[in-house]
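One structure is given here, and the rest of the page talks about it.
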Amino acid sequence: MDGYSFLNDTDGDNRFNPGDTSRVKIVLANEWGGDAVNVSLTLESDDPRITILDNYISFNDSPLGDIIIPAGEISSTVFDWFLVTADIDAVTGNIPCTVTMTAGTDEYPYQETIDISLELTLSQFGFPLDGIVVKSSPLVVDLNNDDVKEIYFGSDNEALHGYNSFGEEIDGFPFQSTDRVRSSPAVGDVDNDGEMEIVFGNSSGKLYIVSGDGTRELAYTLLGFIEGAPALVDVDGDQDLEIVFTTTTTSGGHVYVIHHNGMTMSGFPKERLK
């Protein structure tokens with residue numbers, strides 16, 4: 001057996017997650033000898049985390065005719081695959097299974113039983129991400145209005161990242177900052193233009209407003225770290241959102257309330273003592 005893959009799973013990401021029903025495609029390799037003919041496969045497992053709904057694959061009678069695997073080649077079936085489902089409360093990990101393969105003719109029969117493990121995981125296709133140090137909470141929101149939510153988060157790589165559900169960085173991101181971004185991003189229409197903006201700070205005292213396409217709308221600079229999540233709220237009752245955030249300095253820090261254009265609201269900042 002040369003490998004397996006998941007196809008047509010419930011959420012379409014080709015990963016086998018708890019609650020998924022998925023096809024399992026098997027690829028066979030005929031490493032030596034004569035042609036492999038009359039190949040069939042049977043899947044079995046005693047693991048209670050999965051239920052096998054279709055345990056049989058035949059390489060004969062496919063839409064392309066009987067599939068013969070010449071020596072030194074690999075092959076798989078076209079539409080005939082195993083079908084398995086995982087319990088929605090199943091604990092993730094490897095699911096031990098056996099695949100019994102039969103082939104050959106009445107005169108020269110062949111049978112082999114192979115142990116395989118089906119990976120049951122919470123990970124989605126394209127995840128986890130590597131090479132990024134993340135110490136902020138993610139923001140999950142649909143900013144490009146395609147009815148699919150994106151994932152935005154800050155990193156110690158001095159950037160605000162934006163990824164789609166397939167683990168691909170979206171256009172306009174990463175947005176490059178001047179220091180690490182440990183401030184969890186907030187989202188809201190802070191300038192009443194009908195579009196949502198992302199608001200976050202960095203460890204060099206910059207507060208950013210960034211549009212959904214990664215364009216910088218504001219970089220507000222002051223002393224101290226901005227590592228807490230900003231709050232977006234209509235503080236003064238003027239029907240638009242103000243930005244409330246805190247800074248951290250050696251003496252304590254301050255509470256700021258600013259408008260989207262960088263103007264500080266009257267009465268702020270307020271000092272925070274250590």
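Overview of values
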{"read-out": "All positions within segment 114-132 that are without any contact (Cβ under 8 Å) to a residue 40 or more places away in the chain and touching a Ser or Thr at 6+ places or on another chain (Cβ under 9 Å)", "value": "115, 132"}
{"read-out": "Within segment 234-245, considering residues that are modelled with pLDDT of 95 or more and over 13 Å from residue 192 (Cα atoms), the one most open to solvent (accessible area, probe 1.4 Å)", "value": "244"}
{"read-out": "Filtered residue count, segment 196-224, keeping only those that are open to solvent by 10 Å² or more (accessible area, probe 1.4 Å), in contact (Cβ under 8 Å) with a residue 40 or more places away in the chain and in contact with a strand residue (DSSP E or B) (Cβ under 7 Å, 6 or more places away or on another chain)", "value": "6"}
{"read-out": "Selection count, segment 122-160, where residues are closer than 27 Å to residue 8 by Cα and either part of a strand (DSSP E or B) or open to solvent by less than 20 Å² (accessible area, probe 1.4 Å) (or both)", "value": "4"}
{"read-out": "Given (1) surrounded by 14 or more Cβ atoms within 10 Å (Cβ to Cβ); (2) part of a strand (DSSP E or B), index of the condition residue 115 fails", "value": "(1)"}
{"read-out": "Selected residue (criterion: least open to solvent (accessible area, probe 1.4 Å)) from residues of segment 102-112 that are closer than 20 Å to residue 4 by Cβ and touching a Phe, Trp or Tyr at 6+ places or on another chain (Cβ under 8 Å)", "value": "103"}
{"read-out": "Candidate set from segment 26-75 (those that are open to solvent by less than 30 Å² (accessible area, probe 1.4 Å) and among the polar types (S, T, N, Q)); member that is nearest to residue 107 (Cα to Cα)", "value": "40"}
{"read-out": "Tabulated pairs, segment 179-194, first surrounded by fewer than 17 Cβ atoms within 10 Å (Cβ to Cβ), second not in a loop (DSSP other than H, G, I, E, B), C-beta under 8 angstrom, 6+ apart or interchain", "value": "179/206; 189/197"}
{"read-out": "Residue count, segment 161-174 (criterion: surrounded by fewer than 15 Cβ atoms within 10 Å (Cβ to Cβ) and either under 28 Å from residue 94 (Cβ atoms) or of a type in the set (Val, Ile, Thr) (or both))", "value": "2"}
{"read-out": "Number of the condition not met by residue 88 [criteria: (1) without any contact (Cβ under 8 Å) to a residue 60 or more places away in the chain; (2) loosely packed, with under 14 Cβ neighbours inside 10 Å; (3) farther than 15 Å from residue 4 by Cβ]", "value": "(1)"}
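The values are calculated or read from the model by the stated rules, or taken from the named source; none is laboratory data. Since we're looking at a predicted model, the values are computed, not measured. Glycine also receives a Cβ, built like all others from the backbone with ideal geometry; neighbour counts cover every protein chain displayed. These area figures cover heavy atoms from the full protein model, side chains too; ligands, DNA and RNA do not enter into them. Shrake-Rupley method; radii C 1.70, N 1.55, O 1.52, S 1.80 Å.
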